[in-house]
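Below you'll find the structure, written out as structure tokens, and then a few comments.
The values are calculated or read from the model by the stated rules, or taken from the named source; none is laboratory data. Every value quoted in this text rests on a predicted model; they were computed, and no experiment measured them. Every residue, glycine as well, gets a Cβ built from its backbone with ideal geometry; the counts of neighbours run over all protein chains shown.
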Amino acid sequence: MEEGQLSVGNLHIDLQTRQVWVEQSEVILTREEFDLLVYLIGHRARAVTVQEIEWAVWNGTLATPHASVRILVYRLRRKLRGLSPYEIRTVGGFGYGLMTGQAPAQEAS
């Protein structure tokens with residue numbers, strides 16, 4: 001893999017050009033969707049909280065982070081659905097995780 005690129009399964013990300021590919025198909029993402037996907041991939045071994053996502057995507061500047069994160073996750077789910085074996089799962093009362101088939105681990109508080 002080249003520097004500045006991430007690959008997880010059939011999902012490929014070019015961090016320099018901010019392009020996302022699944023197999024040979026480009027997935028067009030907004031800045032926020034791209035930042036969320038990169039953050040989830042970087043933390044795919046565990047679930048992440050809404051507050052972590054708020055800081056990763058918007059530098060903690062949101063007045064209503066829960067609603068904004070929920071909408072962003074919804075949009076990204078729709079764009080990736082059926083293209084990649086990875087999906088964003090809700091971890092009830094905690095946050096979100098990127099996974100295939102099994103729930104992400106929660107960090108102890």
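Among the residues that make up the stretch 41-52, is at least one of them over 17 Å from residue 100 (Cα atoms) and more than 13 Å from the chain's Cα centre (by Cα)? Within the stretch 41-52 (the criterion being over 17 Å from residue 100 (Cα atoms) and more than 13 Å from the chain's Cα centre (by Cα)), the answer is yes, since at least one residue qualifies. When the test is whether a residue is modelled with pLDDT of 95 or more and hydroxyl-bearing (Ser, Thr, Tyr), residue 64 does not pass it. Residue pairs whose Cβ atoms lie under 6 Å apart, separated by 6 or more positions or on different chains, with the first residue in the stretch 20-44 and farther than 21 Å from residue 70 by Cβ and the second part of a loop (DSSP other than H, G, I, E, B) and at pLDDT below 90, are 22/10; 22/83; 22/84; 23/10.
Answer yes if at least one residue in the stretch 35-56 is out of contact with any helix residue (DSSP H, G or I) (no Cβ under 7 Å at 6 or more places or on another chain), outside any helix (DSSP H, G or I) and among the charged types (D, E, K, R), and no otherwise. For the stretch 35-56, residues out of contact with any helix residue (DSSP H, G or I) (no Cβ under 7 Å at 6 or more places or on another chain), outside any helix (DSSP H, G or I) and among the charged types (D, E, K, R): present.
Here the condition is being modelled with pLDDT of 90 or more, touching a strand residue (DSSP E or B) at 6+ places or on another chain (Cβ under 6 Å) and surrounded by 10 or more Cβ atoms within 10 Å (Cβ to Cβ); of 47, 105, it holds for 47 alone.
Total residues in the stretch 1-32 satisfying the condition of being assigned to a strand (DSSP E or B) and exposed (fewer than 15 other Cβ atoms within 10 Å of the Cβ): the figure is 5.
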